[in-house]
Amino acid sequence: MLDPGNLQINYHLSTLWNDYNAGHQYIYAGKGELYLTDNWFSNTVTKYILK
């Protein structure tokens, strides 16, 4: 299970915010990496590469 708090320590994430309506947490890791967690599936995280 991935813990956003633990991710924040490991990757020195610059931004972490919640979209309560959609049930997502958005975590920006820098260098174009965006992680999206889903409250319905607590053991998953989606990684996006922003270009």
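The values are calculated or read from the model by the stated rules, or taken from the named source; none is laboratory data. What you are looking at is a predicted structure, and each value in this text was computed from that prediction instead of being measured. Virtual Cβ from ideal backbone geometry, glycine too; neighbours counted across all protein chains shown.
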(request) Name every residue in the stretch 8-21 that is at pLDDT 60 or above and either touching a strand residue (DSSP E or B) at 6+ places or on another chain (Cβ under 8 Å) or closer than 15 Å to Tyr48 by Cβ (or both), in order of residue number. (result) Leu16, Trp17, Asn18, Asp19
(message) Of all residues being at pLDDT 80 or above and assigned to a loop (DSSP other than H, G, I, E, B) in the stretch 24-44, which is surrounded by the most Cβ atoms within 10 Å (Cβ to Cβ)? Just the residue, please.
(response) Gly32
